[in-house]
Structure formats: C-alpha cells, structure tokens
Amino acid sequence: MKSVILTFWLSIMFLSGCYSSLQINLSKERLVPCPDSPNCVSSLSVNPRHSIDPFPVSSSGRESLVLLNDIVRAMNGSEILWTSERAFAAIFTTRLGFVDDVQFLLDEKARVIHIRSASRVGYWDLGVNRKRMEAIRREYLSRIDTRGQNPTPQQQ
C-alpha cells in the first residue's frame, strides 16, 4: 500500500514538479517561444522537438481565424481568452486539471496561421499539445476547400 501511495505522489511530482513560474504572457502580436521542456509545440520553432507546421489560410486570413476560433470553442475543456484581428488565445483544461495555453497568429504575407500550444506545468506532456494541434488541423482542413475557397460551414 505504501508503495502505491509513493508511486502516486512521485507521478504527480513528475508531471507537475517542474512548475514554471513563467508569467503567461500571450501576445496579440507574436508567439511566445517554447521553453526547453518538451511540452510545447510552435510553428515558429526551429527546434525539431518543438516544431510543427503552421495552418494554411483559406480564402482570407480573418475567415480562417474565425473558423479556427469556432473549432477550438467547440472542443472539450476549451476557453477562449481573447480575440483580435490577427490572433486569438485559448486555454485547455484537462480532466486532471492541467492547463495548456494555445495561441493562433495570422501571418497575411506568408498566408499561414502560426500556432503554439504549451503546458503551463510539468516537463513532459506525453505529446498532448502536438496531438491536440493536429486534431484541430484535421478538423480545420476538413472544413475548408483546398482550392482556397470559402470555409465550409459545419455540418449540423
């Protein structure tokens, strides 16, 4: 019994023991760089461990951001923190109470939306942030016309 309790507490410490005192400063003008820990992905990172592809813009950057905002808002555990003309930020809270910060930033010149997703606490996230962003990508791509036409409305 003591070993089960010890294992439980060591697991909790492992997942949350590297708590970052980093202030959560999600900018409306840029993406915050990923920390050294592997619990973050960013389309602006040059580190292969953190790197992830940005999302393509469909017909317009603004329409693409609105569509992504709708997709994120509909996901379990999500909360939109703020929205601007070029960006929006959200948090995802897991069933265990862990919070991940997510950010989308429009780059009109490159015709992409840069993305960042990072855990607030812990060191490893078991790939959760990457998996979530790839799930958002799949839904987003399924709802836009690949020829650059307007996003398709969600099927009811």
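For segment 50-103, what's the relative contact order in percent, using C-alpha pairs closer than 8 Å and at least 6 residues apart?
It comes to 22 percent, rounded to a whole number.
From the phi of every residue in segment 53-68, what ³J(HN,Hα) in whole Hz does the Karplus formula 6.51 cos²θ - 1.76 cosθ + 1.60 yield, where θ is phi - 60° and glycine or proline is x?
Those phi angles translate into 5, x, 8, x, 7, 7, 5, 9, x, 5, 5, 5, 5, 4, 4, 4 Hz.
Determine, for Val72, Val41, the number of other Cβ atoms within 10 Å of each Cβ, and report the residues in order from fewest to most. Mind showing how you got there, number by number?
On the way: Val72 21, Val41 25.
By the 10 Å Cβ count, ascending, the order reads Val72, Val41.
Hey, fewest Cβ within 10 Å first, where do Leu67, Leu44, Leu81 land in order? Please report the intermediate quantities before stating the final value.
Details: Leu67 22, Leu44 18, Leu81 13.
Ascending number of Cβ neighbours within 10 Å: Leu81, Leu44, Leu67.
Counting only residues 5 or more places away or on other chains, whose amide H sits under 5 Å from the amide H of Ser45 once H atoms are built in the peptide plane?
Ile52
A short reminder: the numbers here are calculations on the coordinates, not readings from a lab. The model shown is predicted, which means the values in this text are computed figures rather than measured ones. Here the Cβ is made from the backbone with ideal geometry for all residues, glycine too, and neighbour counts use every protein chain on show.
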